[in-house]
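Written out below as structure tokens is the structure these notes cover.
The values are calculated or read from the model by the stated rules, or taken from the named source; none is laboratory data. Bear in mind the structure is a predicted one, so any value in this text is a computation, not a measurement. So basically every Cβ, Gly included, is an ideal-geometry build from the backbone, and we count neighbours across all protein chains shown.
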Amino acid sequence: MTLPEYPPLAKASEGEPFYVPCGNEVAMFERCHARGLAVMLKGPTGCGKTRFVEHMAWKLDRPLITVACHDDLSASDLIGRFLIRHDGTVWQDGPLTRAVREGAICYLDEVVEARQDTVVVLHALTDHRRLLPIDKTGELLMAAPGFQLVISYNPGYQRMLKDLKPSTRQRFVAMDLDFPGEDAEAKIVERESGVDAPTSRALVTLARRLRALRDRGLAEVPSTRLLIAAGALCVDGIPVREACLAAIVSPLSDDEALVGAMRDLVDGTF
Ligand code: ADP
């Protein structure tokens, strides 16, 4: 079997990815990494899960391989496949196999989106043997030191439709991440968007008011990511209320009553 030449994996990041911790997640992740435990990051969209993994990969000096999961993702997409080339057939490692071979952190973003039969390939990697069987080549790969499996999962989203099986969930140490506290979030929005401190603070105040609408039927509440987008539009000269409507209110709902309630909160904040 011929393996194609792969370019070396990029280092996790050149500089330290900016991350403001919200609890003891950094120490907890370090312990899990040292013990080779797989981690499940739970939390709403845009609350910082991806940034946290990027930060940890940098801190632990491991390469990071990220896979955005979707309902068409097959086991072969993760593990690899034979490719037919003019000079014969070559095996091409998938992202998971590469991470296992090279001792990288493999981050499967929004793992509930993936099909169950795809998720099942993770099972052997999460027990103490840390093995990846590759049926198509007959290989049984043992994970290189430093390999770690990390999945993210938004518990609120499509909860009734999709969920992880208990047999999968029990293989991970779960860490709950949520939106940062008020001061931390204001600092993040200011730093990431470049907006001034008072506007950043007001955006965070608005977000807190909007998040309270969850009880009135708002399925997805504004994430830190949306606040950063609104801040960035302000920096580019868009008036703040317009920026809030375009970057925060409109993406969240099409429901007239909810949009009206959100507009009122924008008007009351700025
Ligand atoms: P998720 O993966 O949970 O959907 P991200 O990690 O992509 O969310 O976060 C969205 C953006 O919010 C990030 O790009 C980053 O700019 C910012 N962010 C959120 N939380 C933090 C945090 N704790 N520290 C630094 N930046 C954060």
Within segment 158-217, helices (runs of 4 or more DSSP H) holding 3 or more residues that are within 13 Å of the ligand (Cβ to nearest atom): 182-193, 197-211
Residue list for segment 186-209, filter: touching a residue at least 60 places away in the same chain (Cβ under 8 Å) and under 23 Å from Glu16 (Cα atoms): Lys187, Ile188, Arg191, Glu192
Options Ala212, Ala202, Ala197, Ala207: the member that is modelled with pLDDT of 95 or more and loosely packed, with under 15 Cβ neighbours inside 10 Å: Ala197
Answer from Ile105, Ile79 - the residue that is out of contact with any Asp or Glu (no Cβ under 9 Å at 6 or more places or on another chain), crowded, with 17+ Cβ neighbours inside 10 Å and among the β-branched types (Val, Ile, Thr): Ile105
Single residue of segment 223-239 satisfying the filter (over 13 Å from Val204 (Cβ atoms) and more than 21 Å from the chain's Cα centre (by Cα)) that is farthest from the ligand (Cβ to nearest atom): Pro239
Neighbours by Cβ (under 7 Å, 6+ apart or cross-chain): first from segment 105-119, touching a residue at least 24 places away in the same chain (Cβ under 8 Å) and under 11 Å from Lys165 (Cα atoms); second among the β-branched types (Val, Ile, Thr) and assigned to a helix (DSSP H, G or I): Val119/Val111; Val119/Thr168
Residue check, Phe29 within 16 Å of the ligand (Cβ to nearest atom) and loosely packed, with under 14 Cβ neighbours inside 10 Å: no
Single residue of segment 121-131 satisfying the filter (in contact (Cβ under 8 Å) with a residue 12 or more places away in the chain and part of a helix (DSSP H, G or I)) that is nearest to the ligand (Cβ to nearest atom): Leu122
